[in-house]
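All of the numbers you see were taken from the coordinates with simple rules; none came from a lab. What you are looking at is a predicted structure, and each value in this text was computed from that prediction instead of being measured. Cβ: placed from backbone, ideal geometry, glycine included. Neighbour counts: every protein chain shown.
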Amino acid sequence: MKMKNIKRYYILNASSEDIYNALTNQKMLEIWTGEEAKMEPVEGSGFSLWDGSISGVNLEFIENQLIVQEWFFGENDERSSIVTIKLHPHKKGTSVELNHTNIPDEAYENISNGWDEDYFGALKELF
């Protein structure tokens, strides 16, 4: 099975505190995604976004700086991938560094577009 990685940078016109809150606060997630979410910024806790379309386990948090999650693919699927989001201060707000590793080949295009449009595209609209 072939796996791929994504590394991207996004500039968002908001503080790292606001971005971190939008990514880790369940109510904020539901506002900008428009879907039900389950999220608690606690290491080892489960999460789901877009009414369960994305689910996994929260691995690590450094407030206003870092979010690391393990994402699962499909029901009872052994495969998972790691998503690391780093937040850095930037003159225009916050620079977001995204690393998403171990993406199944057949899911790559959908996930790649999702990051640009659904995830960080929606956040750009929010801020």
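Using a Gaussian network model of the chain in which every pair of alpha carbons under 10 angstrom is joined by a spring, one finds that among 21, 113, 102 the greatest mean-square fluctuation is at 113.
Magnitude of the charge dipole for segment 16-127, about its Cα centre and with charges confined to Cβ atoms of Lys, Arg (+1) and Asp, Glu (-1), is about 520 debye. Semi-axes of the equivalent ellipsoid for the chain, computed as √(5λ) from the eigenvalues of its C-alpha gyration tensor and ordered from largest down, come to 22, 16, 14 Å. Contact order for segment 1-64, expressed relative to its length and based on alpha carbon pairs under 8 Å spaced 6+ residues apart, stands at 24 percent. Restricting the calculation to Cα atoms, segment 50-99 shows an Rg/Rh of 1.08 when the hydrodynamic-style radius is the Kirkwood one. For the chain, the relative contact order comes to 30 percent (Cα pairs under 8 Å, sequence separation of at least 6). Which pairs in the list 27/86; 7/38; 4/91; 4/27; 38/86 are over 29 Å apart, alpha-carbon to alpha-carbon? Among 27/86; 7/38; 4/91; 4/27; 38/86, the Cα-Cα distance tops 29 Å for 4/91; 4/27. Restricting to Cα pairs below 8 Å that are 6+ residues apart, what does the relative contact order work out to for segment 72-127? Please round to a whole percent. With pairs under 8 Å counted, the relative contact order is 23 percent. Among the trypsin sites (Lys or Arg not before Pro) found in segment 1-68, those both in a DSSP coil and sparsely packed, with 13 or fewer other Cβ atoms within 10 Å of their Cβ, are 2.
For segment 1-65, applying the loop criterion from DSSP together with a ceiling of 15 other beta carbons within 10 Å to the chymotrypsin sites (Phe, Trp or Tyr not before Pro) yields no site.
For the chain, the mean residue ellipticity at 222 nm estimated from helices alone is -6500 deg cm²/dmol, where every DSSP H run of n ≥ 4 contributes -39500 (n - 2.57) and the total is divided by all residues, rounded to the nearest 500. Which Cα, out of 99, 48, 37, lies furthest along the positive dipole direction of segment 35-127 (beta carbon charges, K/R +1, D/E -1)? Of the options given, the answer is 99.
Check each of the GluC sites (Glu not before Pro) in segment 78-110 and keep only those in coil by DSSP with at most 11 other C-beta atoms within 10 angstrom; list them in order. Those satisfying the criteria are 78. Taking other residues whose beta carbon is less than 14 angstrom from the beta carbon of residue 58, and scoring Lys, Arg as +1 and Asp, Glu as -1, yields -4.
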